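Novice: Before anything else, here's the structure in question.
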Amino acid sequence: MKERKIEIEYQFAQLEELSQEEQNLVKKAIAATQNSYANYSHFYVGASCLLEDGSIVIGANQENAAFPSGLCAERTAVFAAQANHPELSIKTIAIAARNANGFLKDPISPCGACRQVILEIEDRYKQPVRILLYGTEGIYCFRSIKDLLPFSFVDANMR
Ligand code: THU
């Protein structure tokens, strides 16, 4: 048996180290937490998608008394972007979250279902989606969702 290893590279950045465009995107994700409807978890998540024309589409988690009917911030943002601008790829997605004590020190990372949805965007537009995870101590920057979803499943795996 052979041992194999996967290594993931990501950057840890302060807000001011990012480009102006990405700083703005992160700020939009932070602001989007205001649009969260999190009556049950009281956990407020915002996401922002930077489209290839430079425009930004935001999302926020939307909860429901029937729990599975709610949706994460990432998917509300991605689906809104796709529904309104199907011709534009998504270059980058930023995510921010806060609880009753404020924004989190360490970033949250998208859930499995959201990772799979973002992977579909990479597959659809044939380019990586950069992921920026905001925490008050710094921002984790990934070059592709594949770095958060190794051994992923896409359409080509069925051919
Ligand atoms: N949530 C998100 O919106 N994004 C994540 O990456 C993790 C979790 C939401 C779903 C639910 O409304 C609340 O956070 C608690 O799980």
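The values are calculated or read from the model by the stated rules, or taken from the named source; none is laboratory data. Since the model is a prediction, treat every value here as computed from it, not as a measurement. Cβ placement follows ideal geometry from the backbone for every residue including glycine, while neighbour counts extend to all protein chains displayed. Surface accessibility is based on the protein's heavy atoms, side chains included, excluding ligands, DNA and RNA. Shrake-Rupley method; radii C 1.70, N 1.55, O 1.52, S 1.80 Å.
Novice: Using a Förster distance of 35 angstrom, determine the FRET efficiency expected from the C-beta separation of residue 144 and residue 99, and round it to 0.05. Mind showing how you got there, number by number?
Specialist: Working: r = 28 Å, r/R0 = 0.81.
According to the calculation, E is roughly 0.80.
Novice: Of all the accessible heavy-atom surface of segment 22-151, with the other protein chains kept in place and a 1.4 Å probe, what percent is carbon and sulfur?
Specialist: 53 percent
Novice: Can I ask one more? In Å², what does the accessible area per residue of the chain work out to with a 1.4 Å probe? Before the final figure, lay out the partial values.
Specialist: On the way: 9060 Å² over 159 residues.
About 57 Å² of surface per residue is accessible.
Novice: At what distance in nm do the modelled label points of residue 16 and residue 64 sit from each other, each positioned 7 Å from its Cα along Cα→Cβ?
Specialist: 4.5 nm
Novice: A follow-up question, please. Any lysines with Cα under 30 Å of the residue 5 Cα? List them, leaving off those in the same chain fewer than 8 positions away.
Specialist: Candidates past the 8-residue exclusion: 91, 105, 126, 146.
Novice: Place a point 7 Å from Cα of residue 41 in the direction of its Cβ. Which residues in segment 91-128 have their backbone N less than 13 Å from it?
Specialist: Counting only backbone N, you get 96-100, 108-115.
Novice: Same structure, new question: From the alpha carbon gyration tensor of the chain, can you work out the equivalent ellipsoid semi-axes (sqrt of 5 times each eigenvalue) and give them in Å, largest to smallest? Intermediate values should be presented prior to the final figure.
Specialist: Working: eigenvalues 110, 72, 62 Å².
So the three semi-axes of the chain are 23, 19, 18 Å.
Novice: Evaluate E = 1/(1 + (r/R0)^6) for residue 85 and residue 5, where r is the Cβ-Cβ distance and R0 equals 41 Å; express this FRET efficiency to the nearest 0.05.
Specialist: 0.60
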